[in-house]
């Protein structure tokens, strides 16, 4: 099963459109313009709120949460020490997952035990950020979107931190 996530090119906040295998819009992701932390709302095609994505404000290690019906159902936490690849610990609906990515941060596999349940890949040579997500069943669809949002926020935070250190 596949999803295609496209980020809006000209935007003040994070805005994504999520397409299903039939190229129809399945979800819209809207960011908050003014917020102390990164907040994204995930809505279905009819603009009904499905889930919320939040970055923890005060944390030694970058941590992200996902809420469904205002109940926290998932967490992604970046591991501090890992050589050449970024690693994350993921807990979603009571299950643990491992996320391993390439040195360039654009390809990720998510494993539950030894089984790959989600793969995220960034498409290159696109005007706006575009991600292709493969997942094995519908139970992993929101998890796949959650991980992609966390990766995108991580990359944006890293870029912003590099720009600030150059000043």
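The values are calculated or read from the model by the stated rules, or taken from the named source; none is laboratory data. Model, not experiment: these values are computed from the prediction. Because the Cβ atoms are built from the backbone with ideal geometry, glycine has one as well, and the counts that use them run over all protein chains shown.
Within the group 127, 151, which residue is exposed (fewer than 14 other Cβ atoms within 10 Å of the Cβ) and not in a strand (DSSP E or B)?
Only one candidate qualifies: 127.
Can you tell which of 109, 138, 158, 134 is at pLDDT 85 or above, more than 12 Å from the chain's Cα centre (by Cα) and within 21 Å of residue 7 (Cβ to Cβ)?
Only one candidate passes the filter, namely 134.
With within 13 Å of the chain's Cα centre (by Cα), free of Cβ contacts under 8 Å to residues at least 24 places away in the same chain and in a strand (DSSP E or B) as the only criterion, which of 122, 98 stands out?
Among 122, 98, only 122 is within 13 Å of the chain's Cα centre (by Cα), free of Cβ contacts under 8 Å to residues at least 24 places away in the same chain and in a strand (DSSP E or B).
What number goes with the only condition from (1) out of contact with any strand residue (DSSP E or B) (no Cβ under 8 Å at 6 or more places or on another chain); (2) closer than 18 Å to residue 31 by Cα that residue 127 does not pass?
Going through the list (1) out of contact with any strand residue (DSSP E or B) (no Cβ under 8 Å at 6 or more places or on another chain); (2) closer than 18 Å to residue 31 by Cα, residue 127 breaks only (2).
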